[in-house]
Amino acid sequence: SEKESRSAMSQPTITIGGCIMKRIKRTWPWKDQAAFLKRLGEMTEKGYSLIEGLRLLKLQLHKRQLAELTDGIRRLREGDAFYEVLEALS
């Protein structure tokens, strides 16, 4: 119907292989990223290492965020730069 058509057009979409797909909500909204980085900064100021702080913060995350942060910790241990890990999370 015309109403459904207008509703579908107003939602953010992407095209994959010629198919129009609804954009998936980000796993790490800006507000969550800011709170996460603030808590991580507070922990490092108190003497926790970056890895220790990240491990403790994992306990407070949603399932999908947890999986992404676990991968981020792995990447840090393998030598990736912290900013590269943050870019992958955003």
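A few remarks follow.
- Straight Cα distances below 13 angstrom link LYS63 to the aspartates and glutamates ASP71, with same-chain residues fewer than 8 positions distant left out.
- Global form of region 25-79, assessed from the alpha-carbon gyration tensor, a/c cut-off 1.5: oblate
- If a spin label sat at a point 7 angstrom from the Cα of ALA67 along the line to its beta carbon, the backbone N atoms of region 73-90 nearer than 18 Å would be those of 73-75, 88-90.
We did not get these values from a lab; they are worked out from the coordinates using the rules stated. As the structure is a prediction and not an experimental result, all values here were calculated from the model. Backbone-built Cβ (ideal geometry, glycine too); neighbour counts: all protein chains shown.
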